[in-house]
Structures are given as structure tokens and as C-alpha cells.
Amino acid sequence: MELPDDDLHARLPRGVLSDLGSWTLYQNFRTFTWPWLLRRGIVLWPLAVLAGCTYATWHASGMGAWEDWPGLALRACIASLIAVSAGPLLATLIRHRRFPSAVERVLVILAILLGLWIGVVALDWASAYHAHLMQAYSGRPMQTSLFGQAVSNFLATTIDASVFVLILAGGGFAAIYYLGERRRVAQFAAGRQIENLRVERNAADMRLAILQAQVEPHFLFNTLASVRSLIASEPERAARTIDALAAYLRIALPRIRTTGIEEATLGRQIDLCLGYLEIMNVRTAGRIEVHVDASDEVRALPFPPLILLTLVENAMTHGIEPKPGPGMIAIIAGTADDFLSVSVEDDGLGLQPGTAPGLGLANVRAQLRDRFGTGARFDITSRAGGGVSARIHIPLTFP
């Protein structure tokens, strides 16, 4: 269930409710809102009326004065209803005014305190009326029937704890729950965001598996076609191409069977790129010089599959192959400030004016966005001395 950002009438997801409030009818809504206040009233108003009627019954049965019951019951019920409703009603009016968060919190607490004071005044008003009634029975002892004694004991216990009962029923507990509501909502939203990132990552893995199933056969067909053309004219180069292809497949085939990001390390992606470059080196008569700068610790870090190979293929296709003579491709990786930085550099033709980014680079950006959102960065710039530098920054920790 999605959490509405600013809807004061929407029901809260169960994940937002605390253990103290999840069992109640009204805590399924934001505290101090109209749905919350109405459902809270459905729970507490009957109890307030029952308390008022019980108080009047205690007096009437104990003094044998049932004619006093209606007036005392009415006043006691009104006082009880005011005590349980004044503070929450004022706090609800304040929350619906949409004050800034800090201002709203202060005003809500002041509203609850004001409501508690109003409740005390209302209860004192009912007690004063009871004291007025008792003047007519001066010197007359109260009867002690079993029912009257039970009610008397209950009221005595309640009066001893009157401050606690008033705070609990008058909105004090609700204020505590309200103050913790923002934290619970934030925790719920963060959990939903992490879950959404996991779902998006799984979807990205599925798209990656489909893309890889399309790309690798295409590369294999091109390589086999190259071998076929070399068999008659240059059999030794054809044999070296087949050997390089076999070495590449030993690395690539296990990768085809796994799609999860947890199994894809930077080291395996570098090895895959080296296998690819070995094949391309044979096909180009050995004019590619390869450099790798990555420590064993960095090679063991997780890294999205296929992205590095795409950058190496891009450097080969658009930088080295069109350039006459020897060429250089370097893979450089390191960590800093909780980020993993991986660069693919070449000394090829460089960025040509008016050339639009190809499908491969668009796929790289899409995969990084799917996996890391705004936490990753991809830059491609001209390299000093000629060529191109493509650099990826990804967080070391992610959902």
C-alpha cells in the first residue's frame, strides 16, 4: 500500500502503526485529523457517558435520592465528554490549518495542555454541582449496598489516579503518538523506497539478461565469420582467433547463466573485457596495447555486468579500429569517498563533432539509472593527448 504524502483523510498503512496504536480503531488514521477524531469519539464518547451515568448512579443509590440522578448525570456526562474531547478537537483544528511542521508541533502540544485545563474545569463544575446536592443531606450517611460500595471503590481508585486518567483520555497519549508519527511515516517511506529499488533492480537484471542474450550471439557470429575469412589466407591468425574465442567463452558462459548483480564483480567484468580485447587484438594483427590498473580488493567489489564491456567495445569500435596504426585501451579502477570509480580510456580518434551517443552508451546510462537512481554518474570526455575517457562512479553500498 502506498503512503499518501499529504492526505489527512487517508487511512495509514499497517507498517506505519506502532505497537501501542495498531489495535485501536482510530489509530489507523493520522493523529489529530477528522477521521481520527470521529473514530476516537466512537470509542471514548460512550465510555465518557458511562462514567457520567455511573457517577450519578453512585450518588443516587448511596443517598436514596434518585430525583437527583438526571441533573447530576447530565452534568457529569457533559463534563466527561469535554474532558476527553477538548484537547484533541483543538489539536485537530490546528493540524488542518497546515502550519509549518515545527510551528504545528508546538501549537498541538499547547492545544492539548489547554484541553486538559478545560477538562479539569469541566470536571470541577460537575463536582461542584454534586457538592451542592450533598448540602441537602448534611449529616446523613451514605447507604452501603454492594452495588454502591463497588461503585464507590471504583470512583475512589479513579479519583486517586485522576491526573493520569485525564491525561490519557484527554489527549496526552495521542500527543505522544502524534510526535512519533512523522518518524514512523519516514521509516515506512524509506522502506518502500528500498523495496521499489529492489524491484527496479530485478527488472533491470531481467532486461540485462535479454540484452546479453542478443549481444553475445551477435559478437560470436562476427568472430566466427572473421575466422572463416582467415582460414584460407592466414590459418595461423585463424587458429589464434579460435584460441582467444575459447578463452573468452570460458569467462563469458558462466556470466550468461547468472543475472544477479551480487554475482557480478568488477574482476570478472575486467577478465571478460580482456578476453574480448584478445580476440580483437588477433583480428587486428596485434596493434592493440591493453593496460589494467585495479587492485585485488577493487576487483572483488560488485559491479553491474555488461556495462564495462560496452565501454570497451565502444572504445574499440569508434576509437581504435578507425585509427591507423597501433592503439591503446586502459581500464583503471579505484575507490574514494564511498564510491567506486571505473574508467575506460583510449587514444583513438576521439569525440567527433556532431556525433550522437550510440545505443550502447544509452544502455549504460539506463542500467545505471535503474540500479542506482541518482546515486551513480557517467561521464564521457575527450582525453588529453587524444582519444576518449569514459568514467563511471557508483556507490560502494546500495540496496
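The values are calculated or read from the model by the stated rules, or taken from the named source; none is laboratory data. Keep in mind the model is a prediction, meaning the values are calculated, not measured. Glycine gets a Cβ as well: all are built from the backbone with ideal geometry, and neighbour counts include every protein chain shown. Areas reflect the complete protein model, heavy atoms only, side chains present, ligands, DNA and RNA absent. Shrake-Rupley method; radii C 1.70, N 1.55, O 1.52, S 1.80 Å.
What the table shows:
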quantity: Gained length - A247 relative to A102, 0.36 nm times residue gap less alpha-carbon distance; calculated: 45.8 nm
quantity: Pairs of Cα atoms farther than 23 Å apart, the range 261-399, %; calculated: 31 percent
quantity: Candidate residues F32, F188: accessible-area rank, largest first, probe 1.4 Å; calculated: F188, F32
quantity: Long-range tail of P(r) for the range 274-342 (Cα pairs > 18 Å, %); calculated: 41 percent
quantity: Enclosed volume per residue, in Å³, of the convex hull spanned by Cα atoms of the range 36-135; calculated: 79 Å³
quantity: Cβ-derived FRET efficiency at R0 22 Å, E289 paired with Q352, nearest 0.05; calculated: 0.45
quantity: Efficiency of FRET from Cβ geometry, A366 and N196, R₀ 22 Å, rounded to 0.05; calculated: 0.85
quantity: Net length gained if the chain between E321 and L93 were fully extended (0.36 nm per residue, minus Cα distance); calculated: 74.9 nm
quantity: Listed peptides 71-77, 338-344 by packing density, highest first (mean Cβ within 10 Å); calculated: 71-77, 338-344
